[in-house]
Amino acid sequence: MLTFFRVNDPYRIPLLLVLLLLVRLPLFFSGDYLTLPELNWMLVGENLADGDQLYTQLWENVGPLSALIYRLVDLVFSRSQVAYVILAALLITYQCLIFNDFLLNKKAFHENTYIPALIYALITCLSFDFYTLSPVLLSLTWVLLALRNIFYRIESQSRDVRILSTGIFIGLAVLCYLPSVIYLASSLLAYLFFANLSLRRFFMLLYGFALPLLIAFTYFFLFEASNGFTQQYLLSFRTIARDTYIGDWRLLIIGITPLIFLLISVYRLGQYKRYTNQQNKLQGIMGIKIVAALATLLLVRQLAPYHLLYFVPPVAFFITHFLLIIRRILIAELVTAGLAFLLVFNGYALLFNFFSLQQVTHSNRLMVQPTAYDELVAGKKILMLGHQMDVYQKARLATPYLNWSLASQQLASLDDFKNVSFVYDAFRNDMPELIIDESGLMPRVFERIPAIANAYQKLPGQPVYRKISGDQPSP
């Protein structure tokens with residue numbers, strides 16, 4: 001495997017796509033393996049494709065650029081997990097190409113090789129939620145393009161337009177996934193430590209970063225959604241509580257294989273002194289990117305394994321160095337095969353619960369589970385008042401209240417007339433056929449808005465309200 005990709009041949013890249021699809025092939029025959037984040041993104045795409053306006057008619061702290069992509073996917077493929085997996089494999093292949101291309105051009109290694117692309121692809125097999133089209137994966141494309149510009153700046157007098165475009169790429173990454181804002185600071189550090197960054201170029205970088213955000217803000221301002229964009233997305237660190245799917249230490253267990261190989265690689269690089277000044281600088285930049293990836297985890301609202309995707313480029317970079325300094329080809333091949341096996345097996349073990357790994361890591365919390373309401377809600381537009389998003393697997397969302405952290409803040413504050421007015425309009429414009437009230441908030445809503453109460457009747461013995469046929473809230 002290593003020898004095959006050691007050749008400087010760009011036609012190795014399409015084979016990586018085949019490899020990625022083959023690794024994911026068992027998922028298509030494994031039954032239900034939909035994750036809660038995936039279901040959330042599909043609901044976003046579904047509602048936006050139906051004409052809802054993000055942040056006003058749909059409450060969710062998803063990035064506007066990611067939401068646009070989910071909308072386009074839904075318009076073409078509807079609610080298809082297969083489409084998400086295949087598109088993610090295509091995007092990862094493109095990222096492998098970008099990653100390997102700028103490493104080749106800047107002579108990051110002593111050899112011209114496609115091993116970095118191979119290692120990059122293998123690390124994206126670490127967990128089953130790496131396989132899908134997450135906002136982190138979408139933003140990582142822009143992060144890589146920004147990293148390419150930083151690499152080109154080292155030991156060269158690249159044009160100022162690269163400084164500007166670096167900021168633009170990071171701004172686009174932020175519009176996909178907010179915690180990637182950390183890469184603005186890491187890029188500034190990389191420029192300061194390893195390149196000449198004048199005050200003028202510093203402001204160019206900031207201007208490029210602000211430009212996509214200003215365009216997005218202007219768009220939402222024109223559609224009277226700028227306040228929602230600000231509160232639900234830009235300030236979500238303040239408005240949305242941290243609610244992890246998987247804890248920090250369990251996340252460490254999931255990532256233990258690449259972590260061990262990273263530590264070994266860094267240790268071996270410290271012993272190997274035959275690098276050029278430029279190669280040492282590139283290694284320093286990748287070290288900064290590892291710190292940046294760690295920092296993003298502090299900003300995540302719902303921690304899950306797919307947030308480790310930001311570690312893929314720097315870890316692939318250092319592991320490639322380690323493999324290339326192994327002198328004996330057979331040993332290098334065995335190490336690569338062992339790494340590939342461990343990474344792919346780790347993803348399968350988390351998905352299929354080998355050695356009870358789901359219980360150890362709590363990765364089963366990511367999976368959509370059957371609920372007691374599945375038969376009742378099948379094919380209907382519903383509203384779930386609570387954290388149990390699994391119920392939407394067979395149903396569609398009514399009203400804007402997709403994100404429960406955001407919705408609960410308003411539904412629990414009905415002494416404010418503005419909130420009452422918004423809730424009334426939300427129900428009147430998109431009446432749920434069923435309301436599942438596991439939070440116990442609906443009696444208060446009915447008390448404050450009798451017009452909504454008159455349109456529903458409670459099912460006996462269940463926290464479920466069914467819409468009375470033909471009834472609409474009266475003005």
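The values are calculated or read from the model by the stated rules, or taken from the named source; none is laboratory data. In this text, all values refer to a predicted model and were calculated from it rather than measured experimentally. Cβ coordinates were reconstructed from backbone atoms using ideal geometry, including for glycine residues, and neighbour counts include every protein chain displayed.
Looking only at region 13-50, which residues are farther than 15 Å from LEU87 by Cβ and free of Cβ contacts under 8 Å to residues at least 40 places away in the same chain?
Matches in region 13-50: LEU15, VAL18, LEU22, LEU25, PHE29, GLY31, LEU48, ALA49, ASP50.
Go through region 260-297 and give me each residue that's aromatic (Phe, Trp, Tyr) and surrounded by 20 or more Cβ atoms within 10 Å (Cβ to Cβ). Walk me through it before giving the result.
Looking only at region 260-297, we keep the residues that are aromatic (Phe, Trp, Tyr), and these are 261, 267, 272, 275.
Across region 260-297, the qualifying residue is only PHE261.
With respect to the numbered conditions (1) outside any helix (DSSP H, G or I); (2) buried (at least 24 other Cβ atoms within 10 Å of the Cβ); (3) not polar (S, T, N, Q), which one is the sole condition not fulfilled by LEU197?
(2)
Scan region 417-455 for residues that are small (Gly, Ala, Ser) and closer than 17 Å to LEU402 by Cβ and jot them down.
Those that are small (Gly, Ala, Ser) and closer than 17 Å to LEU402 by Cβ: ALA426, SER439.
Could you pull out the residue among VAL344, VAL335, VAL368 that is more than 22 Å from ASP248 (Cβ to Cβ) and touching a Cys at 6+ places or on another chain (Cβ under 9 Å)?
The conditions single out VAL344.
Looking at (1) assigned to a loop (DSSP other than H, G, I, E, B); (2) in contact with a Gly (Cβ under 6 Å, 6 or more places away or on another chain); (3) aromatic (Phe, Trp, Tyr), find the lone condition where TYR70 falls short.
(1)
Checking the conditions here, which among SER66, SER78 is at pLDDT below 95, small (Gly, Ala, Ser) and farther than 19 Å from ASP9 by Cα?
Step by step, each of SER66, SER78 is checked, and only SER78 is at pLDDT below 95, small (Gly, Ala, Ser) and farther than 19 Å from ASP9 by Cα.
For the list (1) within 22 Å of LEU324 (Cα to Cα); (2) of a type in the set (S, T, N, Q); (3) touching a Ser or Thr at 6+ places or on another chain (Cβ under 8 Å); (4) assigned to a loop (DSSP other than H, G, I, E, B), I need the number of the one condition that GLN95 fails.
(4)
Would a scan of region 167-178 turn up a residue that is surrounded by fewer than 23 Cβ atoms within 10 Å (Cβ to Cβ) and modelled with pLDDT under 95?
There is no residue in region 167-178 that is surrounded by fewer than 23 Cβ atoms within 10 Å (Cβ to Cβ) and modelled with pLDDT under 95.
Tell me, yes or no, whether region 246-266 has at least one residue that is touching a residue at least 12 places away in the same chain (Cβ under 8 Å), charged (D, E, K, R) and in a loop (DSSP other than H, G, I, E, B).
So far as region 246-266 goes, no, none of its residues is touching a residue at least 12 places away in the same chain (Cβ under 8 Å), charged (D, E, K, R) and in a loop (DSSP other than H, G, I, E, B).
Quick check on region 115-124. Is at least one of its residues out of contact with any Phe, Trp or Tyr (no Cβ under 9 Å at 6 or more places or on another chain), on the phi < 0 side of the Ramachandran plot and surrounded by 24 or more Cβ atoms within 10 Å (Cβ to Cβ)?
Scanning region 115-124 turns up at least one residue that is out of contact with any Phe, Trp or Tyr (no Cβ under 9 Å at 6 or more places or on another chain), on the phi < 0 side of the Ramachandran plot and surrounded by 24 or more Cβ atoms within 10 Å (Cβ to Cβ).
Each row is one residue, and each column tells you yes or no for (1) assigned to a helix (DSSP H, G or I); (2) crowded, with 19+ Cβ neighbours inside 10 Å; (3) modelled with pLDDT of 95 or more.
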site	(1), (2), (3)
LEU205	yes, yes, no
LEU211	yes, no, yes
ILE215	yes, no, yes
THR218	yes, no, yes
PHE221	yes, no, yes
GLU224	no, no, no
GLN231	yes, no, no
ASP243	no, no, no
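Out of (1) farther than 22 Å from TYR348 by Cα; (2) part of a helix (DSSP H, G or I), what's the single condition that is false for ARG274?
(2)
For region 366-475, give me every one of the strands (runs of 3 or more DSSP E) that falls completely inside it and has 1 or more residues that are loosely packed, with under 15 Cβ neighbours inside 10 Å, free of Cβ contacts under 8 Å to residues at least 40 places away in the same chain and not assigned by TED's automatic domain parsing to the domain that holds ASN61.
Fully inside region 366-475 and qualifying: 456-458.
Read through the list (1) buried (at least 23 other Cβ atoms within 10 Å of the Cβ); (2) at pLDDT 95 or above, then give the number of the only condition that ALA190 fails.
For ALA190, the failing item is (2).
Tell me, please, whether a residue that is over 23 Å from SER236 (Cβ atoms), among the hydrophobic types (A, V, I, L, M, F, W, C) and in the same structural domain as VAL136 (by TED's automatic domain parsing) can be found in region 54-69.
Narrowing region 54-69 to residues over 23 Å from SER236 (Cβ atoms): none.
Checking region 54-69: not a single residue is over 23 Å from SER236 (Cβ atoms), among the hydrophobic types (A, V, I, L, M, F, W, C) and in the same structural domain as VAL136 (by TED's automatic domain parsing).
Of the residues that make up region 162-179, is at least one among the charged types (D, E, K, R) and over 17 Å from LEU309 (Cα atoms)?
Yes, because at least one residue in region 162-179 is among the charged types (D, E, K, R) and over 17 Å from LEU309 (Cα atoms).
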